[in-house]
Ligand code: GLA
């Protein structure tokens, strides 16, 4: 992913996409399936390698982090800099960096702003390994920065993004298969207006519930709903039922995409939302209302919460042109395209 050039002479441009998960949420850490796509909203870092400190200015926050290397503590201010510090610590980076971060991924919206930042930082400061190693580094960094025991959905989407394709990911097998996005389907993302932070959410508690279920019935991704009769706790059973049924919906949605069956695809998204709302209980009243409103628009096939939940964005699958202005609902919305992977360019200064 990097080329060998004199670092002090090199201008670095690193770009990492955000992602929208079309279907398959809260399945990654349970070894299940998901169908996300990398999107044309992302993080860009431009700067120069060299020196013995990390100096990064965030255009979004209008603040600058300056940290001497090696970084000893990731719990620094400003808060966004914790992700940068965590990546640098994980990489045990030697050369410093001086540059600027710009991002078009809304924060805390379920579109992977933090994985996009972490991966852009890693590439900018000289990560030199495979995409899989990069994804794992970003996952470790997320945990070090904010203590979230996330899966690999966001990181895989970012490093394996494929132009014009969604990605069918099997987290047990660590396999990723690009699935062409049909021309008859447009993907719109609408912000609910509710910001969420993963750290402050019940994410870890949901993950623990899945682990509890799997300690009783085995790998959830290969269980059937009938197997859950062995789970006596009603809440744990519902959490596990979400994972099992969601994995099947991912497979069905992949077939629908391949068959260009937009109606079936939308119906599966709607069912996924119902399961995340009722069984997994990670939706909110505002998100449910927005989903209901969007589904009434002619040409909309389906709408669901996306990402961890507890607020954030809704993803909509619709006929091309059905939603002319994605910002007209809450002030923030985007028509998104399936995009390519994170990358870095090294230019002679
Ligand atoms: C967050 C996590 C992912 C995944 C989703 C829910 O985005 O970072 O690993 O668990 O929530 O699907």
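The values are calculated or read from the model by the stated rules, or taken from the named source; none is laboratory data. Note that the structure is predicted; figures quoted are calculated from it, not measured. For neighbour counting, all protein chains shown are included, and Cβ atoms are generated from backbone atoms with ideal geometry for every residue, glycine included.
Here are a few things to note about the model shown:
- Filtered residues of the stretch 49-68 (kept if more than 13 Å from residue 82 (Cα to Cα), touching a helix residue (DSSP H, G or I) at 6+ places or on another chain (Cβ under 8 Å) and crowded, with 16+ Cβ neighbours inside 10 Å): 49
- Within the stretch 325-349, the residues that satisfy the criterion of being outside any strand (DSSP E or B) and in contact (Cβ under 8 Å) with a residue 40 or more places away in the chain are 326, 329, 330, 331, 332, 337, 339, 340, 341, 342, 349.
- The strands (runs of 3 or more DSSP E) falling completely within the stretch 133-202 that include 3 or more residues that are modelled with pLDDT of 95 or more and within 16 Å of the ligand (Cβ to nearest atom) map to 165-170.
- Members of the stretch 307-327 found to be more than 16 Å from the ligand (Cβ to nearest atom) and out of contact with any strand residue (DSSP E or B) (no Cβ under 9 Å at 6 or more places or on another chain), listed by number: 324
- Scan of the stretch 84-95 for residues that are touching a residue at least 24 places away in the same chain (Cβ under 8 Å) and either buried (at least 20 other Cβ atoms within 10 Å of the Cβ) or more than 14 Å from residue 47 (Cβ to Cβ) (or both), ordered by number: 84, 85, 86, 87, 88, 89, 90, 91, 93, 94
- Residues that are in a strand (DSSP E or B) and farther than 25 Å from residue 159 by Cβ, drawn from the stretch 34-56: 53, 55
- Within the stretch 86-119, the residues that satisfy the criterion of being within 14 Å of the ligand (Cβ to nearest atom) and touching a strand residue (DSSP E or B) at 6+ places or on another chain (Cβ under 9 Å) are 105, 106, 109, 110, 111, 112, 113, 115, 116, 117, 118, 119.
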